[in-house]
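Structure first, then comments.
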Amino acid sequence: MNLVQNYGTGRRKTSTARVFLRPGTGNLTVNDKPFETYFFDAIDRMLVKQPLVTSDTAARFDVIIRVTGGGMRGQAGAAQHGIARALCQFSAELRPVLKKAGFLRRDPRMKERKKYGQPGARKRFQFSKR
């Protein structure tokens, strides 16, 4: 059996998503669970589906997503990024549409690390002159 699929890796914060697009009917699975079960929040579901809706390819592919790390919103952002990259691999003509919508840009915002000698990333101990 010759399996045709397109692959894209998406990242956001500490989340990583591996996305596989296969020709199909629009079925989405995340970590071997139904899409609606895994992403129970409507905003997360909308975020993940945006690249497919923008490129009018929602019913053409079965999407298999493997996500690790981070929280729900970070995983949804990583899945969105991965789907957009996989769509670009499928067809280069979709790239300008996805790029204009901002789906191909990796969100660089990360949690800032805690520094030694201080209680947090930016917080400082109270200053006293004496």
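Residues of the range 44-56 being touching a residue at least 24 places away in the same chain (Cβ under 8 Å) and among the β-branched types (V, I, T), which ones?
V48, T54
Out of G70, G82, which single residue is touching a residue at least 60 places away in the same chain (Cβ under 8 Å) and not hydrophobic (A, V, I, L, M, F, W, C)?
Working: G70 fails: touching a residue at least 60 places away in the same chain (Cβ under 8 Å).
Criteria check complete, one pass: G82.
Could you check, for the range 15-28, whether at least one of its residues is among the small types (G, A, S) and at pLDDT 95 or above?
Within the range 15-28, one or more residues are among the small types (G, A, S) and at pLDDT 95 or above.
Name the residues in the range 1-38 that are in contact (Cβ under 8 Å) with a residue 40 or more places away in the chain and within 16 Å of G74 (Cα to Cα), would you?
Within the range 1-38, T9, G10, R11, R12, K13, T14, S15, T16, A17, R18, V19, V30 qualify.
For the range 105-119, which positions are farther than 20 Å from G74 by Cα and surrounded by 10 or more Cβ atoms within 10 Å (Cβ to Cβ)? Spell out how you get there, then give the answer.
At the first step, the residues of the range 105-119 found to be farther than 20 Å from G74 by Cα are 114-119.
Within the range 105-119, K114, K115, Q118, P119 meet the criteria.
Take G10 and decide whether it is crowded, with 17+ Cβ neighbours inside 10 Å, within 26 Å of K111 (Cα to Cα) and at pLDDT below 95.
So G10 does not fit the description; no.
The values are calculated or read from the model by the stated rules, or taken from the named source; none is laboratory data. Nothing here was measured: the structure is a model prediction, and the numbers come from that model. Positions of Cβ are generated from backbone atoms using ideal geometry, with glycine treated the same way; all protein chains shown enter the neighbour counts.
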